[in-house]
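Throughout, read-outs are computed from the coordinates displayed, never taken from laboratory work. Quick caveat: nothing in here was measured; it's all calculated off a predicted structure. Reconstructed Cβ throughout: ideal geometry from the backbone, glycine too, with neighbour counts over all protein chains shown.
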Amino acid sequence: MKFTENAVNEILKIMRRDHLSPVNTAVRMGVKGGGCSGFTYTLDFDENQTKWDLLYESHGLSILIDKKSNLYIGETIVDWSYKLSDRGLKFNNPIAKGSCGCKTSFMIDIPDEVEGPSWM
């Protein structure tokens with residue numbers, strides 16, 4: 001998980017506006033079912049790390065991801081676009097096989113050749 005410098009700068013602006021300390025507060029990133037493509041990225045601020053979380057650091061920003069979400073978004077690079085018609089966070093997820101126009105939902109392609117456990 002990596003955030004670009006531009007993304008971190010914009011998130012820090014939001015944190016300052018909302019009186020959140022980057023020392024005590026992390027960005028919590030996750031995934032949930034839904035959206036037009038099957039999965040949706042979730043982002044929030046959080047001050048509590050649980051035993052199910054992985055902690056990443058990018059340009060001084062702490063990022064928390066639960067282990068299950070990490071399977072789907074662990075290699076994602078989050079950037080910030082300054083384009084007038086497309087301003088905001090952009091997700092570059094190498095395992096996403098497609099996304100919709102909103103750019104916040106994605107689908108993955110699970111290979112058919114994945115073998116089940118030997119007891120099946």
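Values for this structure:
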{"quantity": "Separation of the THR50 and LYS97 label points, Cα + 7 Å toward Cβ, nm", "calculated": "3.0"}
{"quantity": "Interchain or long-range residues, amide H under 5 Å from LYS90's placed H", "calculated": "ASP79, TRP80, SER81"}
{"quantity": "The range 2-98, relative contact order in percent, only Cα pairs under 8 angstrom and at least six apart counted", "calculated": "30"}
{"quantity": "Too-long pairs where the Cα-Cα distance tops 25 Å, listed order kept, from LYS67/LYS97; LYS2/LYS51; LYS68/LYS90; LYS2/LYS97; LYS32/LYS83; LYS2/LYS67", "calculated": "LYS32/LYS83"}
{"quantity": "Distant-in-sequence amide H partners of LEU54 (H built 1.01 Å from N, under 5 Å)", "calculated": "ILE65, ASP66, LYS67"}
{"quantity": "Potential lengthening between ARG17 and LYS32 on full extension [0.36 nm per residue; Cα-Cα distance subtracted]", "calculated": "2.7 nm"}
